[in-house]
Amino acid sequence: MNICIIGTGYVGLCTGVGLASRGHKVFCVDIDSGKVDKINRGQAPIYEDGLEEMLQKVLEDDKIKATTDLKEAISETDICFISVPTPSMQDGSIELKYIKRVAEDVGSVLKNLDKYYVVVVKSTIVPGTTEDAVKPLIEQASGKSAGNGFGICMNPEFLREGYALKDFLNPDRIIIGQDDSKAGDVVNQVYSGFQAPIMRTNIKTAEMIKYTANSLLATKISFSNEIGNVCKKLGIDVYDVMKGVGMDNRISEKFLGAGCGFGGSCFPKDVAALAARAEKLGVNPMLLRQVLETNRNQKSVLVEQLKTSIDDLQGKKIAVLGLAFNPNTDDIRESPAIEIISRLKEIGANVIAYDPKASENMRAIFPDINYADNVKDALKEADACLIITAWDEFKNLSDDDFGLMRGNVIIEGRKVLKYENVKSFQGICW
Ligand code: UGA
């Protein structure tokens with residue numbers, strides 16, 4: 001099929017490249033001509049595991065093209081996926097201006113389009129938004145009504161940053177929220193060949209499935225962190241506990257990883273947005289609010305632990321390993337590293353940070369700390385080391401590496417170090 005993707009963030013670009021690798025012809029639209037040029041040259045504007053390699057492959061096969069020209073992209077295709085950002089506003093609700101503008105732009109192109117066209121929302125939006133905001137704007141701008149001149153659907157994404165391409169190509173399920181079955185059939189066709197169950201439902205339910213999935217995953221993490229904090233006091237390894245708990249089929253071991261809390265642009269934003277929507281509906285979202293609060297507190301546990309190991313942190317050299325919120329990405333949005341570095345700076349510690357991909361992004365927030373080019377340089381003469389992101393390269397660190405430090409305080413926030421390689425370190429929750 002010929003498919004248009006609007007917005008080339010990590011979701012849009014991974015979706016586009018993933019669909020192109022499955023043989024579809026994809027037009028990626030973005031208003032940023034710099035990004036468009038980069039994509040057409042085979043350079044991914046963001047770091048995402050395996051993305052650039054696959055982008056180059058699909059470019060070679062002439063299966064993908066990036067453009068700023070929405071009209072061209074729509075006239076060449078039968079379906080578009082909208083994947084523009086829906087960032088958080090101060091009260092937790094989401095900013096709809098980007099998606100609304102796209103809806104109007106798409107509608108204006110549909111006005112003079114002489115074929116049936118399906119518009120699919122992929123951006124995460126609170127239940128009701130596709131029907132109450134996106135659909136009317138397209139109808140107004142196109143002069144056509146949904147179900148006749150065009151079809152409208154909602155198809156949420158479940159891609160983890162750092163693993164987005166893999167997740168796209170191997171989904172657990174595909175959710176298609178449809179206004180009518182003719183539109184849903186077209187979306188269904190896009191995914192023919194994917195080995196995953198497809199659930200077709202109404203649009204509002206599809207929107208709610210996305211929020212509920214992220215909120216439940218975030219709840220699992222906050223729950224694990226709370227249990228982890230108790231385990232720490234009792235001298236129990238929470239990972240052993242969760243292994244035993246997760247063997248229960250009803251629970252599963254996944255996303256029970258305690259540590260320094262969740263970050264990223266999704267969990268904090270989506271839980272807050274669902275809570276804000278619940279409040280507007282007169283429902284008190286006590287649990288959702290607590291999930292966020294527990295997560296906020298968790299980010300400072302690591303620094304509190306450091307303070308109990310080193311009395312006076314003023315002027316002490318602290319190596320911070322890992323800045324990205326997840327491994328395999330350069331994204332630092334809401335990364336626990338931000339809060340942890342802020343706290344260390346307040347105390348007067350001398351921070352030296354290292355991340356394989358995210359240092360440049362972090363430099364924009366903290367231009368005044370030191371950044372090392374590799375782990376060894378970060379560890380040299382450090383009084384303490386904090387591990388914040390589960391990058392693979394940290395998994396093989398050994399006593400030889402930590403021997404470069406002046407001190408011996410190693411605090412692990414992600415359970416990546418192996419006891420057979422490193423004799424003595426403290427876990428945040430174990
Ligand atoms: C999340 C969801 O996992 C995706 O399914 C969803 O599509 C995406 O949000 C989205 O809404 O777009 P993402 O935030 O990119 O994906 O990354 P995750 O791998 O879910 O990690 C989020 C945070 O949780 C990270 O900071 C990670 O370190 C933390 N985490 C994860 C834990 O602290 N413990 C765990 O056991 C798992």
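Looking at region 110-132, which of its residues are among the hydrophobic types (A, V, I, L, M, F, W, C) and surrounded by fewer than 21 Cβ atoms within 10 Å (Cβ to Cβ)? Talk me through it step by step, then tell me what you get.
Taking region 110-132 first, the residues among the hydrophobic types (A, V, I, L, M, F, W, C) are 110, 113, 118-121, 125-126.
Listed by number, the list holds a single entry, L113.
As an exercise: evaluate I176 against (1) within 15 Å of the ligand (Cβ to nearest atom); (2) buried (at least 20 other Cβ atoms within 10 Å of the Cβ) and give the number of the one condition it does not meet.
Only one criterion in (1) within 15 Å of the ligand (Cβ to nearest atom); (2) buried (at least 20 other Cβ atoms within 10 Å of the Cβ) is unmet by I176, namely (1).
Could you check N170 against (1) under 23 Å from T77 (Cβ atoms); (2) surrounded by fewer than 16 Cβ atoms within 10 Å (Cβ to Cβ) and say which number it fails?
The number of the failed condition is (1).
Quickly run through region 357-373 and pick out the residues that are out of contact with any helix residue (DSSP H, G or I) (no Cβ under 9 Å at 6 or more places or on another chain) and either surrounded by fewer than 17 Cβ atoms within 10 Å (Cβ to Cβ) or not assigned by TED's automatic domain parsing to the domain that holds L404 (or both). Lay out the reasoning, then the answer.
Kept after step one, since they are out of contact with any helix residue (DSSP H, G or I) (no Cβ under 9 Å at 6 or more places or on another chain), are these residues of region 357-373: 357, 359-361, 363-364, 367.
Passing the criteria: E360, R363, A364, P367.
Does D270 fit the bill of being out of contact with any strand residue (DSSP E or B) (no Cβ under 8 Å at 6 or more places or on another chain), assigned to a loop (DSSP other than H, G, I, E, B) and acidic (D, E)? Step through it out loud before you land on a result.
On the way: out of contact with any strand residue (DSSP E or B) (no Cβ under 8 Å at 6 or more places or on another chain): yes; assigned to a loop (DSSP other than H, G, I, E, B): no; acidic (D, E): yes.
When the stated conditions are applied, D270 does not pass them.
Among the strands (runs of 3 or more DSSP E) confined wholly to region 97-207, which include 2 or more residues that are over 30 Å from N328 (Cβ atoms)?
Answer list for region 97-207: 117-121, 150-154, 198-202.
If we keep just the residues of region 343-365 that are more than 22 Å from the chain's Cα centre (by Cα) and not aliphatic (A, V, I, L, M), which is nearest to N326 (Cα to Cα)?
So, considering only residues that are more than 22 Å from the chain's Cα centre (by Cα) and not aliphatic (A, V, I, L, M), the one nearest to N326 (Cα to Cα) is R343.
Assuming I251 fulfils every condition listed in (1) surrounded by 13 or more Cβ atoms within 10 Å (Cβ to Cβ); (2) within 16 Å of the ligand (Cβ to nearest atom); (3) of a type in the set (A, V, I, L, M) apart from one, which condition is it?
Just one mismatch for I251, condition (1).
I'm trying to understand the selection: among the residues of region 260-285, which are at negative phi and within 11 Å of the ligand (Cβ to nearest atom)? Give the derivation first.
Taking region 260-285 first, the residues at negative phi are 260, 262-263, 265-281, 283-285.
C260, F262, G263, S265, C266, F267, P268, K269, D270, V271, A273 - these are the residues of region 260-285 that are at negative phi and within 11 Å of the ligand (Cβ to nearest atom).
Sort out which residues of region 1-58 are of a type in the set (S, T, N, Q) and buried (at least 24 other Cβ atoms within 10 Å of the Cβ), and write them in order of number.
In the first step, residues of region 1-58 are kept if they are of a type in the set (S, T, N, Q); the result is 2, 8, 15, 21, 33, 40, 43, 56.
If the condition is that a residue be of a type in the set (S, T, N, Q) and buried (at least 24 other Cβ atoms within 10 Å of the Cβ), then T8, T15 are the ones that fit.
Please determine, by comparing only the residues of region 333-355 that are farther than 22 Å from P87 by Cα and surrounded by fewer than 20 Cβ atoms within 10 Å (Cβ to Cβ), which one is farthest from the ligand (Cβ to nearest atom). Walk me through it before giving the result.
Of the residues in region 333-355, the ones farther than 22 Å from P87 by Cα are 340-355.
With surrounded by fewer than 20 Cβ atoms within 10 Å (Cβ to Cβ) added as a condition, the list becomes 342-343, 345-348, 350.
On the way: S342: 17, R343: 17, K345: 21, E346: 22, I347: 23, G348: 27, N350: 26 Å.
Looking at residues that are farther than 22 Å from P87 by Cα and surrounded by fewer than 20 Cβ atoms within 10 Å (Cβ to Cβ), I get G348.
Could you figure out which of (1) away from the ligand (no atom under 16 Å from the Cβ); (2) within 23 Å of the chain's Cα centre (by Cα); (3) of a type outside the set (G, A, S) isn't true of V126?
Checking V126 against (1) away from the ligand (no atom under 16 Å from the Cβ); (2) within 23 Å of the chain's Cα centre (by Cα); (3) of a type outside the set (G, A, S), the one that fails is (1).
Looking at (1) modelled with pLDDT of 95 or more; (2) surrounded by fewer than 17 Cβ atoms within 10 Å (Cβ to Cβ), find the lone condition where A378 falls short.
Condition not satisfied by A378: (2).
Return the pair list, or none, for Cβ contacts closer than 6 Å from residues in region 148-170 that are within 14 Å of N214 (Cβ to Cβ) to residues that are within 11 Å of the ligand (Cβ to nearest atom) and among the acidic types (D, E), at least 6 apart or on different chains.
Within 6 Å, the pairs are L159/D167; R160/D167; E161/D331.
Restrict the check to region 311-319 and report whether at least one residue is under 30 Å from V11 (Cα atoms) and not assigned by TED's automatic domain parsing to the domain that holds K166. Walk me through how you get there before you give the answer.
In the first step, residues of region 311-319 are kept if they are under 30 Å from V11 (Cα atoms); the result is none.
No; the residues of region 311-319 include none that is under 30 Å from V11 (Cα atoms) and not assigned by TED's automatic domain parsing to the domain that holds K166.
Quick check on my filter: what residues within region 214-248 are in contact with a strand residue (DSSP E or B) (Cβ under 9 Å, 6 or more places away or on another chain) and part of a helix (DSSP H, G or I)?
Going residue by residue through region 214-248, those that are in contact with a strand residue (DSSP E or B) (Cβ under 9 Å, 6 or more places away or on another chain) are 228, 232, 237-239.
Across region 214-248, the qualifying residues are G228, K232, V238, Y239.
Do we find a residue being polar (S, T, N, Q) and under 19 Å from S192 (Cβ atoms) anywhere in region 145-158? Before the answer, list the steps.
So in region 145-158, the residues polar (S, T, N, Q) come out as 145, 148, 155.
Checking the rest, the ones that are also under 19 Å from S192 (Cβ atoms) come to 155.
Among the residues of region 145-158, at least one is polar (S, T, N, Q) and under 19 Å from S192 (Cβ atoms), which makes the answer yes.
Within the group K57, K63, K71, which residue is more than 20 Å from A164 (Cα to Cα) and either modelled with pLDDT of 95 or more or not assigned by TED's automatic domain parsing to the domain that holds Q189 (or both)? Can you show your working first?
On the way: K57 fails: more than 20 Å from A164 (Cα to Cα); K63 fails: more than 20 Å from A164 (Cα to Cα).
Going through K57, K63, K71 in turn, the sole match is K71.
For a quick check of your reading of the model, give me the residue pairs whose first member lies in region 57-71 and is in contact (Cβ under 8 Å) with a residue 24 or more places away in the chain, whose second is loosely packed, with under 15 Cβ neighbours inside 10 Å and small (G, A, S), with beta-carbon atoms closer than 8 Å and at least 6 apart or on different chains.
Every condition considered, the pairs that remain are K63/G23; T68/S33.
Which one is farthest from the ligand (Cβ to nearest atom) among residues in region 147-172 that are closer than 17 Å to T201 by Cβ and touching a strand residue (DSSP E or B) at 6+ places or on another chain (Cβ under 6 Å)?
G151
Given the conditions (1) touching a residue at least 60 places away in the same chain (Cβ under 8 Å); (2) more than 28 Å from the chain's Cα centre (by Cα), which single one is not true for V106?
(2)
Any residue in region 196-225 that's more than 14 Å from the ligand (Cβ to nearest atom): show its pairings with residues that are modelled with pLDDT under 95 at Cβ separation under 7 Å, as long as the two are six or more apart or on different chains.
Cβ pairs passing all conditions: I203/D179.
Restricting to region 110-146, name every residue that is of a type in the set (G, A, S) and either within 23 Å of L13 (Cβ to Cβ) or modelled with pLDDT under 95 (or both). Walk me through it before giving the result.
Let us first name the residues in region 110-146 that are of a type in the set (G, A, S), namely 123, 128, 133, 141-143, 145-146.
S123 - this is the single residue of region 110-146 that is of a type in the set (G, A, S) and either within 23 Å of L13 (Cβ to Cβ) or modelled with pLDDT under 95 (or both).
The values are calculated or read from the model by the stated rules, or taken from the named source; none is laboratory data. These figures come from a predicted structure and were not determined experimentally. Cβ: placed from backbone, ideal geometry, glycine included. Neighbour counts: every protein chain shown.
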